[in-house]
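S.K.: Sharing a structure here in structure tokens format.
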Amino acid sequence: QVQLVESGGGLVQAGGSLRLSCAASGRTFSWYAMGWFRQAPGKEREFVASISRSGGSTYYADSVKGRFTISRDNAKNTVYLQMNSLKPEDTAVYYCAADRVIGGMDYTNYDYWGQGTQVTVSS
């Protein structure tokens with residue numbers, strides 16, 4: 001079992017920045033590929049970014065490429081999502097997730113999920 005706890009969400013004006021953190025516990029963090037997903041009201045959960053076990057490979061949704069950066073610190077059992085140049089359309093609940101095998105863009109690959117953190121971007 002892996003427990004994931006997100007933090008760092010909040011209210012920010014358009015153009016601003018936030019950094020989300022996801023702290024993991026329960027199993028060896030470096031065994032897991034990690035992903036960030038988001039879900040806005042009335043919309044499907046969508047992929048935001050993912051990172052490989054070592055941190056050597058990262059992937060981004062086109063909508064956030066160049067604005068968001070995913071990173072991880074395996075010594076601290078934490079994955080981060082640095083979000084810059086935020087837009088109102090980035091408003092959503094953001095979830096981190098862990099996968100023992102692949103990770104990537106497909107949310108069905110992920111076995112463990114956090115409770116989510118709200119990000120609201122005002123125009």
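S.K.: Of Ser52, Ser63, Ser123, which has the most accessible area with a 1.4 Å probe, and how do the rest follow in descending order?
M.R.: Ranked list, largest accessible area first: Ser123, Ser63, Ser52.
S.K.: How many angstrom lie between the C-alpha centres of segment 103-119 and segment 1-23?
M.R.: 13 Å
S.K.: Here is a further query. To the nearest 20 debye, what is the magnitude of the charge dipole of the chain about its Cα centre, counting +1 on the Cβ of each Lys and Arg and -1 on the Cβ of each Asp and Glu?
M.R.: On the way: 12 positive and 10 negative charges, 53 e Å.
So the dipole magnitude of the chain works out to roughly 260 debye.
S.K.: Here is a follow-up. State, to one decimal in nm, how far the label point of Ala61 lies from the label point of Ala75, with both points 7 Å from Cα in the Cβ direction.
M.R.: Roughly 3.3 nm, to one decimal.
S.K.: Taking only protein heavy atoms into account and a 1.4 Å probe, give the accessible area per residue of the chain in Å².
M.R.: Result: 50 Å² per residue.
S.K.: Leaving ligands and nucleic acids out of the surface, order Glu46, Glu89, Glu6 by accessible area at 1.4 Å, largest first. All intermediate terms of the calculation are to be shown ahead of the outcome.
M.R.: Numbers: Glu46 75, Glu89 125, Glu6 10 Å².
If we order Glu46, Glu89, Glu6 from most to least accessible, we get Glu89, Glu46, Glu6.
S.K.: For segment 1-101, what's the relative contact order in percent, using C-alpha pairs closer than 8 Å and at least 6 residues apart?
M.R.: Contact order relative to length: 35 percent.
S.K.: So, one more: In the chain, carbon and sulfur make up what percent of the accessible area (probe 1.4 Å)? Display every interim value, and only then the final one.
M.R.: On the way: 2950 of 6170 Å².
Answer for the chain is 48 percent, counting heavy atoms of protein chains only.
S.K.: Just the number: Rg to Rh for segment 1-80, Cα atoms, Kirkwood Rh, two decimals. Walk me through the intermediate numbers first.
M.R.: Numbers: Rg = 13.1 Å, Rh = 13.6 Å.
Ratio of gyration radius to Kirkwood radius for segment 1-80: 0.97.
S.K.: Please list, in order, the residues from segment 1-38 whose amide nitrogen is less than 11 Å from a point placed 7 Å along the Cα→Cβ vector of Thr108.
M.R.: none
The values are calculated or read from the model by the stated rules, or taken from the named source; none is laboratory data. Source: prediction; values computed, not measured. Cβ sites come from the backbone with ideal geometry, for glycine too, and all protein chains shown count toward neighbours. These accessible areas exclude ligands, DNA and RNA; they are computed on the full protein's heavy atoms, side chains included. Shrake-Rupley method; radii C 1.70, N 1.55, O 1.52, S 1.80 Å.
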